[in-house]
Each structure stands twice: as C-alpha cells, then as structure tokens.
Amino acid sequence: MSHRSLSGSHVVVLGASGVLGGYLARALAGRGAGVTGVGRDGQRLGALVDSLPTDGPDGPLRHGWIGGDLTDAGLGDRLVEHLRSGPGRLDGIVNAAGVVAFGSLVDTPDEVVEELFLTNVVGPLWLLRRTLPLLVDSRGFVAQISGVVADRPTAGMAAYGASKAALAAADRALGLELRRSGVAVVDLRVPHTETGLVGRALAGAAPRLPQGLDPAAVAERIVAGIEEGTPVVPAEAFA
C-alpha cells in the first residue's frame with residue numbers, strides 16, 4: 001500500500017449532482033485535483049463546478065461537467081471525448097452515483113429491479129470499459145461506493161443489496177485484472193449517510209433507520225481511503 005497524491009490530478013466524480021458527490025468534488029478540489037462532475041442535474045453540476053477553487057498547489061485547476069445518466073451506454077464515450085479535448089488526462093474515477101428501492105422482492109416491480117442493476121452495476125461497467133485505457137495511461141484509480149449492504153444482506157432490500165454486492169464483486173475482479181497496469185481499485189463500504197437518497201427510492205418505503213453519517217465527513221474519509229490505496233474501506237472505517 002502506498003500513498004497517492006491527488007494534487008495536480010484530474011478526477012471524474014459520478015453522481016456529482018447529488019449530496020455526497022458534491023462533497024466529494026469539493027474534497028478532491030481541496031486536495032489540489034481538477035474535477036469533472038457527471039450527473040443528471042446540469043443546473044446543480046454547473047453551480048458545483050463554479051464553486052470549486054480555480055488554483056491549486058501545482059497550478060490552475062481545470063473543472064468541468066457532463067450531464068448524463070449511467071443507464072446510457074454512450075455516456076462513457078462523451079466523457080472520454082470531454083477529457084481528451086479538455087483536461088487531456090484522467091487520473092481517477094469516483095463513483096458516488098446510485099439508486100435505491102425498498103420492499104420485498106415479490107412487491108418490487110420488474111422495471112425497478114432492472115433500473116437498480118442498470119444504474120448501480122451495468123452503467124458503471126459500461127463507463128469503465130471506455131475510460132479504463134485512460135486510467136491505465138496515468139496509472140490512476142477507480143473508487144466505487146458499494147455500501148455496507150454489499151456484505152450485510154438486509155430483508156426488504158434484496159434487489160438493491162444484490163446490485164451493490166454485484167458492484168463489489170466487480171471491484172474485486174477489476175483489482176485483480178488491473179494489478180499489473182498499476183490502476184488501483186477501491187471498494188467503499190459506506191454505511192447509511194444523510195444524503196436524502198432514502199426519500200427518493202424507486203419503490204417502497206425505507207425501514208426505520210438510525211441517524212445517518214454526515215456526508216461531508218464521509219466524503220473526507222473516502223478521499224483519505226483513495227490516498228491510502230486500500231482495496232476495501234470497510235463500514236467500520238467510517239464510524
């Protein structure tokens with residue numbers, strides 16, 4: 001395990017128009033990284049990018065954003081085009097995008113199961129297929145939030161938990177595939193965090209949950225995990 005400096009790097013944040021994604025973009029920029037935010041809400045992305053510092057310890061920081069949905073297989077192609085014509089490099093991807101649903105599997109509509117897997121697993125893999133060559137060139141990193149449900153199955157969250165467990169399995173396999181290329185893969189087992197996601201569930205109602213973690217503190221711990229280069233940041237590390 002070696003320390004990774006983020007100063008002077010360029011990092012893509014998926015889900016940057018969300019609460020946690022916004023905090024991650026700010027935390028990365030605070031380490032001297034340029035940021036490209038990717039998300040569904042262009043207005044929020046534009047405001048986020050405008051709020052980021054323009055100068056870092058290694059010179060001016062270049063920021064940008066792309067509006068899009070991970071369920072669109074062409075999003076990765078547009079992102080690669082943006083990176084090549086703009087910052088000219090890619091040093092890391094932080095995946096903070098995701099959707100959630102609650103309820104028994106019997107009560108979960110087919111289209112909800114499909115969207116859970118498209119957004120939480122398939123879309124990120126589509127995007128990584130297109131961006132990994134850039135990460136190999138820079139010996140960069142991939143950091144993805146699988147969440148605590150990836151290894152702690154919970155009743156009433158079978159489809160959601162399965163999608164996150166699939167993402168965690170992909171992270172483990174990618175870590176092995178990319179080892180010789182020098183690309184680090186970090187799986188983030190983030191516990192329940194107060195981002196408002198449970199109030200935007202695709203289906204069902206959330207069970208009674210304890211108070212979630214502060215998203216600003218979670219973002220700082222995620223960035224620290226990236227700097228540390230640990231393959232898995234367990235739920236306990238966020239306590």
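The values are calculated or read from the model by the stated rules, or taken from the named source; none is laboratory data. What you see is a predicted model, and the numbers here were worked out from it, not measured in a lab. Here the Cβ is made from the backbone with ideal geometry for all residues, glycine too, and neighbour counts use every protein chain on show. Surface areas here come from the heavy atoms of the whole protein model, side chains and all, with no ligands, DNA or RNA. Shrake-Rupley method; radii C 1.70, N 1.55, O 1.52, S 1.80 Å.
One table, with the values for the structure above:
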{"item": "Charge tally in the Cβ shell below 11 Å around residue 178, where Lys, Arg are +1 and Asp, Glu are -1, residue 178 excluded", "result": "+1"}
{"item": "Distance between the stretch 124-182 and the stretch 1-52 - C-alpha centres, whole angstrom", "result": "19"}
{"item": "5 angstrom amide H check on residue 101, placed H, neighbours 5+ away", "result": "160, 202"}
{"item": "Surface accessible to a 1.4 Å probe, residue 72 within the full protein complex, Å²", "result": "70"}
{"item": "Kirkwood-based shape ratio for the chain, expressed as Rg/Rh from alpha carbons", "result": "0.95"}
{"item": "Trypsin sites (Lys or Arg not before Pro) restricted to the stretch 119-181 and DSSP loop, no more than 15 other C-beta within 10 Å", "result": "139"}
{"item": "Computed FRET value (nearest 0.05) for residue 69 with residue 5, which takes r as the C-beta separation and R₀ as 25 Å", "result": "0.20"}
{"item": "Whole-Å semi-axes of the stretch 185-237's equivalent ellipsoid (Cα gyration tensor)", "result": "25, 11, 10"}
{"item": "Full-extension gain in nm, residue 205 to residue 227, via 0.36 nm per residue minus C-alpha separation", "result": "4.3 nm"}
{"item": "Beta bridge orientation in the chain: antiparallel %, DSSP, nearest 5", "result": "5"}
{"item": "Along principal axes, Cα extents of the stretch 131-185, largest first, whole Å", "result": "42, 17, 13"}
{"item": "Computed lengthening from residue 137 to residue 58, 0.36 nm per intervening residue step minus Cα-Cα distance", "result": "26.4 nm"}
{"item": "Residues in the stretch 124-162 that a label on residue 106 would reach, taking backbone N under 19 Å of a point 7 Å out along Cα→Cβ", "result": "154-160"}
{"item": "Carbon plus sulfur fraction of accessible area for the stretch 99-239, probe 1.4 Å, in percent", "result": "57"}
{"item": "Long-range amide H partners of residue 95 with built H, under 5 Å", "result": "14, 143, 144, 145"}
{"item": "Alpha-carbon Debye profile of the stretch 58-159, log10 I(q)/I(0) at 0.15, 0.25 Å⁻¹", "result": "-0.71, -1.40"}
{"item": "Contour excess over end-to-end distance, with Cα ends at residue 51 and residue 125 and 0.36 nm allotted per residue", "result": "23.7 nm"}
{"item": "Solvent exposure ordering (accessible area, 1.4 Å, most first) of 63, 10", "result": "63, 10"}
